[in-house]
1. List every residue pair whose Cβ atoms lie under 7 Å apart, where the two residues are 6 or more positions apart in sequence or sit on different chains, the first residue falls within segment 79-94 and is loosely packed, with under 12 Cβ neighbours inside 10 Å, and the second residue, located anywhere, is part of a loop (DSSP other than H, G, I, E, B).
2. Can you pull out the residues in segment 3-32 that are in contact with a strand residue (DSSP E or B) (Cβ under 7 Å, 6 or more places away or on another chain) and either assigned to a helix (DSSP H, G or I) or at pLDDT 95 or above (or both)?
3. If I go through segment 47-63 residue by residue, how many of them are assigned to a strand (DSSP E or B) and open to solvent by less than 50 Å² (accessible area, probe 1.4 Å)?
4. Can you name the residue in segment 44-68 that is modelled with pLDDT under 95 and among the charged types (D, E, K, R) and is also farthest from Ser27 (Cα to Cα) among such residues?
5. Could you give every pair whose Cβ atoms fall below 6 Å, whose first residue belongs to segment 37-51 and is under 16 Å from Leu91 (Cβ atoms) and free of Cβ contacts under 8 Å to residues at least 60 places away in the same chain, and whose second residue is open to solvent by 20 Å² or more (accessible area, probe 1.4 Å) and assigned to a strand (DSSP E or B), counting only separations of at least 6 or pairs across chains?
Amino acid sequence: MKKVGDFLKDFLDNLGIPSEKTETIYSCWGEIAGKEIADNSRVIDIKNGIIFVETDHSGWIQIINLKKEHILRKINEKFPEKEIREIKVILKRV
């Protein structure tokens with residue numbers, strides 16, 4: 001199944017708008033964090049250089065925190081203008 005972001009990318013590509021101009025940390029989370037982490041978490045907000053990530057299980061909080069430096073490095077390589085310095089991970093409330 002295609003994600004909404006993939007449809008949007010295809011649509012913008014068809015309009016001749018380069019996808020690198022429309023990519024966001026939200027839409028690239030899977031590429032940045034990896035498929036397994038992205039399947040169990042999502043970026044919910046970005047404020048003052050901090051990315052807020054929500055996950056569905058406390059185990060993923062630990063995994064994301066262990067990989068935090070790697071994820072931050074990838075974010076800042078792809079989006080240096082955002083100057084992201086921290087990731088805060090929270091457990092999704094049911």
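1. Close Cβ pairs (under 7 Å, with a partner that is part of a loop (DSSP other than H, G, I, E, B)) amount to Glu83/Gly49; Glu86/Gly49.
2. Trp29, the sole residue that qualifies.
3. Here the count works out to 5.
4. Asp56
5. Arg42/Glu54; Ile44/Phe52; Ile44/Glu54; Asp45/Phe52
The values are calculated or read from the model by the stated rules, or taken from the named source; none is laboratory data. These numbers come from a predicted model, not from an experiment. Here the Cβ is made from the backbone with ideal geometry for all residues, glycine too, and neighbour counts use every protein chain on show. All accessible areas refer to the heavy atoms of the entire protein, side chains included, with ligands and DNA or RNA removed. Shrake-Rupley method; radii C 1.70, N 1.55, O 1.52, S 1.80 Å.
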